[in-house]
Amino acid sequence: RSYARARTSGGDAPPSLVVMLLADRGLSISSDELAVLPETRELPFLNVHRFLARLAVPVPEVYVDASAQGLVLLEDVGDTPLRDAVEGAPPD
């Protein structure tokens with residue numbers, strides 16, 4: 001998969017969003033995460049996203065799940081990797 005940042009405008013649209021482009025979309029999911037899993041029709045990313053959201057863990061919003069067509073639109077949370085954001089931060 002690959003990612004791109006898209007700028008948006010108008011209405012209630014966020015200023016930008018992340019476009020997740022999925023390769024090899026067809027009848028089954030082709031993903032590194034699925035190498036050891038039984039056949040599934042859902043991206044592991046979306047499964048884990050839903051799980052964490054139900055636990056009230058802050059996760060980026062999924063605006064559009066068009067994974068069957070090779071596209072997922074996600075909330076843009078910025079350029080700073082999580083590791084860099086927490087490095088040197090107090091434990092609490």
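Laid out as a table, the results:
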{"quantity": "Only listed residue being touching a helix residue (DSSP H, G or I) at 6+ places or on another chain (Cβ under 8 Å), of a type outside the set (Gly, Ala, Ser) and loosely packed, with under 15 Cβ neighbours inside 10 Å, chosen from Pro81, Pro44, Pro58", "calculated": "Pro44"}
{"quantity": "The range 7-41 - residue that is loosely packed, with under 10 Cβ neighbours inside 10 Å and of a type in the set (Gly, Ala, Ser) and, of those, modelled with the lowest pLDDT", "calculated": "Gly26"}
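The values are calculated or read from the model by the stated rules, or taken from the named source; none is laboratory data. Since we're looking at a predicted model, the values are computed, not measured. We place every Cβ from the backbone using ideal geometry, glycine too, and count neighbours over all the protein chains shown.
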